[in-house]
1. Mind listing whichever residues of segment 228-246 are over 29 Å from Ala290 (Cβ atoms), in contact with a Leu (Cβ under 8 Å, 6 or more places away or on another chain) and not in a strand (DSSP E or B)?
2. For the list (1) under 26 Å from Leu150 (Cβ atoms); (2) not in a strand (DSSP E or B), I need the number of the one condition that Arg114 fails.
3. Pairs please, first residue from segment 51-69 and free of Cβ contacts under 8 Å to residues at least 24 places away in the same chain and more than 16 Å from ligand 2 (Cβ to nearest atom), second anywhere and in a loop (DSSP other than H, G, I, E, B) and not hydrophobic (A, V, I, L, M, F, W, C), Cβ atoms under 7 Å, 6+ apart in sequence or on different chains.
4. If Asn402 satisfies every condition in (1) in contact with a helix residue (DSSP H, G or I) (Cβ under 9 Å, 6 or more places away or on another chain); (2) assigned to a loop (DSSP other than H, G, I, E, B); (3) surrounded by fewer than 19 Cβ atoms within 10 Å (Cβ to Cβ) but one, which is the exception?
5. Is there any pair with a first residue in segment 193-221 that is within 16 Å of Cys250 (Cα to Cα) and in a loop (DSSP other than H, G, I, E, B) and a second that is more than 14 Å from ligand 1 (Cβ to nearest atom) and of a type in the set (Val, Ile, Thr) whose Cβ atoms are under 8 Å apart and which are 6 or more apart or on different chains, and what are they?
6. Here is a list: Arg172, Arg156, Arg104, Arg166. Which entry is crowded, with 18+ Cβ neighbours inside 10 Å and either closer than 30 Å to Val314 by Cα or within 16 Å of ligand 1 (Cβ to nearest atom) (or both)?
7. Would you point out the residue of segment 20-43, among those that are assigned to a helix (DSSP H, G or I) and either out of contact with any strand residue (DSSP E or B) (no Cβ under 9 Å at 6 or more places or on another chain) or aromatic (Phe, Trp, Tyr) (or both), that is farthest from Gly196 (Cα to Cα)?
8. Would you check which residues across segment 135-154 are in contact with a Lys or Arg (Cβ under 8 Å, 6 or more places away or on another chain), under 30 Å from Arg284 (Cβ atoms) and in a loop (DSSP other than H, G, I, E, B) and list them?
Amino acid sequence: MLYILHTYGCQMNVRDSEAVCAMLDASGHRLAPSENEADLIVVNSCSVRGKAEDKALGKLGLLCATKRERPGRVIGLMGCMAQRLGSGIFDKVPGLDFSVGTRRCGAIPRLVARVLAGETNICEISDPADTPDVPDAHTEAGFSAFITILLGCNRRCAYCIVPDVRGPEFSRPAREVVAEIAALARHGVREVTLLGQSVMNYGRTNEVWDASAPASPGGFTEPFARLLEAVAAVPGILRIRFTSGHPSGCTDQLVRAMRDLPQVCHHLHLPVQSGSDRILSLMRRGYTRADYLGAVGRLRDAMPDFALTTDVIVGFPGETEADFEETRSLMGAAAFDNAFIFKYSPRPGTPAADWDDDVSEEEKMRRNQVLLADQDVRGLAANQALVGSVQQVLVEGPSLRNAARWSGRSPGNKIVVFDPRPELTAGTLADVRISRAAPQTLYGDLVP
Ligand code: SAH
Ligand code: SF4
Ligand code: F3S
């Protein structure tokens, strides 16, 4: 069948979608040139905020309505909303053929076969205690790939649905992760992004290193720092990124691994959520404002070119103007390169959902706008500070806006636009001297 996938949510969903595409290809299906031509459509959903679920539900409704003209069409749901709603989804979305939970996406080719054999309303939701079924299949992915190394989350921040829909933490064996990356590198992958909700928790809840594995050449004893070192040793891997960070993971070994392993980009996505100790404690984030700024200080001291990005929630239950101002001042003190600001959205079943959602929608909107405006100024200043510097970019190819120019990303994950040379190929490193900065983009010239 010709198929198409629609992916909402975070990089973990992007990774899962990629695996599903590879498995569908292996079962004889083919990617459709457009949705209109697709006979099989799978929506990979996110539950993190109410709006994310509304989007997937809206899309599913439209897709299922097309079955009136195209009765043979197969429509499926996967991802976090599938996991959260279980078989309840079939009442919300009449016409949906199957729904599959987060640790079961490996089942999709079999579910499609069952639908083609006449079954419908098939629900395959994982039990949190299940051993995860993580296909390590990849499509011909180009030169950059996501690798999920840590599934689930044990942290249970008061507002967050992720532990419910992604289950408890499970760290994949290091041997398996390194083998997957080595195979990708042989197929031309040059950059890997290691994924986990608190990625530096890798190997803290289950054993990941075989007793027989050779000792770390750099003397790393912490499982995540040791993994970074092992991935850096894979021939062909030019760049390593990882996300998301948590201040508790910013240990001396982590900082040393980032500083000393040349493949590891000097960039960290370290979601702060709030700058108020009172709100951080209600959120159950497990750190204070001082802990957070302390971690940032250690990273910056070790790496002068360190780039920092974050997530912030505005309008958490009980967030006062004074709390909000604390967040505002923290953002200035941390000097973020980029920040994603979210309006608090109560998620059913989380502790915070029982608390009064007492910041009005207008006020959430205002706080959101204020932080975005601050960040625009700060982001532009951070980019302007790079004018005159030489940035090593991983070349991606023609830029989206203007195909005559090429773009790539700096170690700090900024988009860099430059004029190509005939001999330049995608997936290689090149040096670009920055001549101009915009809020989201750097411009410059290749250095011979
Ligand atoms: N594991 C990551 C975050 C994953 S969810 C971490 O802890 O850093 C991605 C982002 O969505 C979070 O950082 C948070 O800013 C936002 N988010 C999560 N739950 C939310 C909610 N209920 N309302 C609004 N934003 C939320
Ligand atoms: Fe959610 Fe907190 Fe886990 Fe991140 S660390 S996924 S915010 S519970
Ligand atoms: Fe959304 Fe699930 Fe990711 S809830 S943010 S897709 S882990």
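All of the numbers you see were taken from the coordinates with simple rules; none came from a lab. Worth saying up front: this structure is predicted, and the values here are computed from it rather than measured. With ideal geometry, Cβ positions are generated from the backbone for all residues, glycine too; neighbour counts draw on all protein chains shown.
1. Result: Glu229, Val231, Ala232, Leu238.
2. (1)
3. Thr66/Arg73
4. (1)
5. Listed by first residue and then by second, the contacts come to Tyr202/Val208.
6. The unique qualifying residue is Arg166.
7. Restricting to residues being assigned to a helix (DSSP H, G or I) and either out of contact with any strand residue (DSSP E or B) (no Cβ under 9 Å at 6 or more places or on another chain) or aromatic (Phe, Trp, Tyr) (or both), the top hit is Asn36.
8. Ile149, Gly152, Cys153
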